[in-house]
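Report on the following structure.
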Amino acid sequence: MSKKIAVLGTGANGSSTAADLTNAGLDAVLIDQWPAHVEAMRADGLTIEMPNETVRTKVRAYHLCDVCTLNEKYDIVFLMTKAYDTRWPAEFIKPYLQDDGMLVGIQNAMTVADISEIVGSSRTLGCVIELSSEIFTPGLVQRNTTRDKTWFGLGSVDPSTEGRLEEIAALLRNVGNVTIQPNILAAKWMKLVVNTMCLGPFAAMGLKLSEQAELQGMRELALAAGTEALELGQHLGYSLEPIFGLTQDDIKGSNQLLEKLLDKLNHDIGPKARDCVLQDHLKGRYSEVDIINGLVVEENRKRGKASPANAAIVEISRRIQAGELKPEPGNMEIAKAMMPVKWRPSPTGRGLRAL
C-alpha cells in the first residue's frame, strides 16, 4: 500500500513539490491556508511554469478546515509553510500524523527544534532546500529552479529515524536532487548563513540576486551579513557543512566560502528569480527576515557582539513592512549609515574597508 503524503503549506515551493509528487503517481494531498489558491487548484489544478516547460497537474487540494473531515492519517507530512509559521501547523497536523509518521520541515531558518518539541524527535526530520519559485496568482507558480538544479539536504535529529532517510529521499528525488546530511542542524545553519546574504539584503534594495553587480556595495553588504552569521555559527558549535550539492572537497580550506555559496545559488536559480522576502515586500506581507537576520543580531547580542550588517537589514526590512520605505536601491544609504567603517564598501566597490 502506498504511503499517504500531505504537503502542508502549498505556496510556491510547496506547490512545486506537491505537483511533482502527484505527477509521480504518489498519494499526495495539498493543504493550505490561502482560500483562493485552494479553490483555484480545485477548479483548474496547478500550473507550474518553469524555464524549460510548463506543467499542468490535477491535484487534491484542501482548506485547513477540511482536514478534520478526511478521516485519515498521514505517513509523511512535508511542512512547507513560512518558517515563522512553524509551530501552529505542526500542532495542527499532529493528530493527523501516524504514530510512526514523519514530519519533514522543508523550510528556511532553524525550525527543527520546534517541530521536534511538538511531534517528538522520533517523528522529525530536518531538511534544507534550494528551490526558487514564486506565486502571485492563485493556482499559478513560476518555478525558477529546474528539477536538475533543485536540491534537498535531508537529515535525522534522532538515531531512531536514520533508517527512514532513504525512504523520504526517494520521494523527494521526484522533485530534485537529494543529499543525506550527517549533521542536519549544521547544514540548516549553513543555509541560514546563505539566507542572511541573499534574502533580506537584496529584497531591501528591490533587487534580484542576479542584479547584485548593478548596485555598488550590494555584494559587500551581503558578504558582511554572511560573515557575521558564519562566525556566530562557529561560536555556537556548528561545523561547516556543504550544501546545494557541493561536497566537502568543494568547501575544504576555501578562503572564499561565502562567495562560492552565493555564486552557486545565483547560478542555480537563474536570472528571473525574485527571492521570497522580495515577494513578501511586494505583497505587503511579513517576511522571514526577523528569524534569519534578526536571529543573528539577537544571538550575537547575547554574547556582547554587534551585528551591524544584519541589524541594518532588519531595520530596513521593518521599515518596508511598516510602509515607511519601499524596496529600492536608495536604501543602501541607510545600510551604509548604520554600519561601522570596516563594513563600508571601498570606493571601487571591490572590497571592504578595514578600520
Take the stretch 263-275 and flag every residue that is open to solvent by less than 80 Å² (accessible area, probe 1.4 Å) and either outside any helix (DSSP H, G or I) or in contact with a Lys or Arg (Cβ under 8 Å, 6 or more places away or on another chain) (or both).
Asp268, Ile269, Gly270, Ala273, Arg274, Asp275
Looking at Val194 and the list (1) open to solvent by less than 60 Å² (accessible area, probe 1.4 Å); (2) under 20 Å from Gly25 (Cβ atoms); (3) touching a residue at least 12 places away in the same chain (Cβ under 8 Å), which single condition is not satisfied?
(2)
Among the residues of the stretch 125-155 satisfying the criterion of being crowded, with 24+ Cβ neighbours inside 10 Å and of a type in the set (Ser, Thr, Tyr), which is nearest to Leu46 (Cα to Cα)?
Ser133
Tell me which residues, restricted to the stretch 280-308, are within 19 Å of Lys191 (Cα to Cα), under 20 Å from the mean Cα position of the chain (by Cα), open to solvent by less than 20 Å² (accessible area, probe 1.4 Å) and touching a residue at least 40 places away in the same chain (Cβ under 8 Å).
Ser287, Glu288, Val289, Ile292, Asn293, Val296
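Condition check ((1) of a type in the set (S, T, N, Q); (2) modelled with pLDDT of 95 or more; (3) farther than 16 Å from Gly176 by Cβ) across all residues:
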| site | (1), (2), (3) |
| --- | --- |
| Thr10 | yes, yes, yes |
| Asn13 | yes, yes, no |
| Thr17 | yes, yes, no |
| Ile31 | no, yes, yes |
| Trp34 | no, yes, yes |
| His37 | no, yes, yes |
| Arg42 | no, yes, yes |
| Thr47 | yes, yes, yes |
| Met50 | no, yes, no |
Could you say whether any residue in the stretch 216-236 is part of a helix (DSSP H, G or I), of a type in the set (S, T, N, Q) and loosely packed, with under 15 Cβ neighbours inside 10 Å?
yes
Tell me which strands (runs of 3 or more DSSP E) are completely within the stretch 1-112 and hold 3 or more residues being buried (at least 20 other Cβ atoms within 10 Å of the Cβ), or say none if there are none.
4-8, 27-32, 74-79, 97-106
Being crowded, with 23+ Cβ neighbours inside 10 Å and more than 15 Å from the chain's Cα centre (by Cα) is the filter here; which residues of the stretch 178-191 pass it?
Gln181
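Can you pull out the strands (runs of 3 or more DSSP E) entirely within the stretch 116-205 that have at least 1 residues that are farther than 22 Å from Thr81 by Cβ? Spell out how you get there, then give the answer.
Details: elements: 124-130, 133-137, 140-143, 151-156, 177-180.
In the stretch 116-205, the matching strands (runs of 3 or more DSSP E) lie at 177-180.
Could you tell me whether Gly206 is in contact with a His (Cβ under 9 Å, 6 or more places away or on another chain), surrounded by fewer than 24 Cβ atoms within 10 Å (Cβ to Cβ) and modelled with pLDDT of 90 or more?
Values: in contact with a His (Cβ under 9 Å, 6 or more places away or on another chain): yes; surrounded by fewer than 24 Cβ atoms within 10 Å (Cβ to Cβ): yes; modelled with pLDDT of 90 or more: yes.
Judged against the criteria, Gly206 is a match.
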I'd like to check something: does the stretch 100-110 contain any residue that is more than 17 Å from Lys4 (Cα to Cα) and without any contact (Cβ under 8 Å) to a residue 24 or more places away in the chain?
no
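The values are calculated or read from the model by the stated rules, or taken from the named source; none is laboratory data. These numbers were taken from a predicted model, which means no experiment stands behind them. Backbone-built Cβ (ideal geometry, glycine too); neighbour counts: all protein chains shown. Please note that ligands, DNA and RNA were not included when accessible areas were found on the heavy atoms of the full protein model with its side chains. Shrake-Rupley method; radii C 1.70, N 1.55, O 1.52, S 1.80 Å.
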